Amino acid sequence: TPANVDMAWDKNSTAAGYAFSDGATDPVLPTASNAAWTMEAWVRPDSIASGWSPLMGQQADSDSSTLRQVLWLNSGQIIYLGATSDTYTGVNLTASRWTHIAWVMSTSTSAELYIDGQLAWNGSVTRATAGPFFSVGGSRQADAAYPTFDGQIDQVKVWGTNLSATQVANSMHSYSTSFSGAPTASCSTGLRAHYDFNDFATGSVIDRSGCGRTLGFNTSVSGSFAESDFTSAG
């Protein structure tokens, strides 16, 4: 990547075209059912297609509804899939527009959704222990009936704490932990993982947090994770 150029992952909806980790010993999201965490990213859908499309989260390598904490889109609406039920937020993404999303999970069942640094939804969700597989741009709990995300993704960050409204607003335009009021650096309760897509490595999405939680990719899926899919055009 040239200096001072920010790249994004411009992906298509090819089946199984997503990045993931097998975090059995070192999960990206804390797996406990009462763990606090925050998951944020910039996303730009190419279109708002009807039906279900997984965005990012952590789950088991099965369709078990008790081992998942995942954000999906359904016709553009952001939905949280937890244990045994889905939570519809009523918040929709817009096609061909960059939007910053942040899902903040407290130590209870309380959750918040921020859009472009502003609180857009809050409520209670049904949650459980998360499985070990963290994924970006798709879900391990899916099949051909559920295409992966079609569009651009950038600056995916996972925190081991529930960010405040001020921290979300500061983080969305900041790199890593460089913003005022950032949580104390820690691979447990601070920034657990950061995927900026600025360096391409065949088969890997590099974790820039320093915590070593690099994601893998099924490189046999043509056109979904190639150097040419890293773009600054958005």
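The values are calculated or read from the model by the stated rules, or taken from the named source; none is laboratory data. Since the structure is predicted, the reported quantities are computational estimates derived from the model, not experimental observations. When we count neighbours, we look across all protein chains shown, and the Cβ atoms used for this are built from the backbone with ideal geometry, even at glycine. Just so you know, the surface numbers come from the protein's heavy atoms only, side chains and all, with ligands and any DNA or RNA stripped out. Shrake-Rupley method; radii C 1.70, N 1.55, O 1.52, S 1.80 Å.
At-a-glance table
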quantity: Test set (1) in a loop (DSSP other than H, G, I, E, B); (2) buried (at least 19 other Cβ atoms within 10 Å of the Cβ); (3) more than 13 Å from the chain's Cα centre (by Cα) - ASP10 fails condition number; calculated: (1)
quantity: Residue count, the stretch 28-66 (criterion: part of a strand (DSSP E or B) and either without any contact (Cβ under 8 Å) to a residue 24 or more places away in the chain or among the small types (Gly, Ala, Ser) (or both)); calculated: 3
quantity: Flag for THR214 being open to solvent by 20 Å² or more (accessible area, probe 1.4 Å), farther than 23 Å from ILE78 by Cα and at pLDDT 90 or above; calculated: yes
quantity: Lone unmet requirement of (1) among the β-branched types (Val, Ile, Thr); (2) open to solvent by 20 Å² or more (accessible area, probe 1.4 Å); (3) in contact with a strand residue (DSSP E or B) (Cβ under 9 Å, 6 or more places away or on another chain) for THR166; calculated: (3)
quantity: Test result for SER180, at pLDDT below 95, open to solvent by 30 Å² or more (accessible area, probe 1.4 Å) and not acidic (Asp, Glu); calculated: yes
quantity: All positions within the stretch 117-128 that are exposed (fewer than 15 other Cβ atoms within 10 Å of the Cβ) and either under 22 Å from GLN152 (Cα atoms) or in contact (Cβ under 8 Å) with a residue 60 or more places away in the chain (or both); calculated: GLN118
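One line per residue, one yes/no per condition, for (1) under 25 Å from ALA24 (Cα atoms); (2) part of a loop (DSSP other than H, G, I, E, B); (3) open to solvent by less than 40 Å² (accessible area, probe 1.4 Å); (4) not hydroxyl-bearing (Ser, Thr, Tyr):
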| site | (1), (2), (3), (4) |
| --- | --- |
| THR84 | yes, yes, no, no |
| GLY90 | no, no, no, yes |
| THR94 | no, yes, no, no |
| HIS100 | no, no, yes, yes |
| TRP103 | yes, no, yes, yes |
| ALA130 | yes, yes, yes, yes |
| THR148 | yes, yes, yes, no |
| GLN152 | no, no, yes, yes |
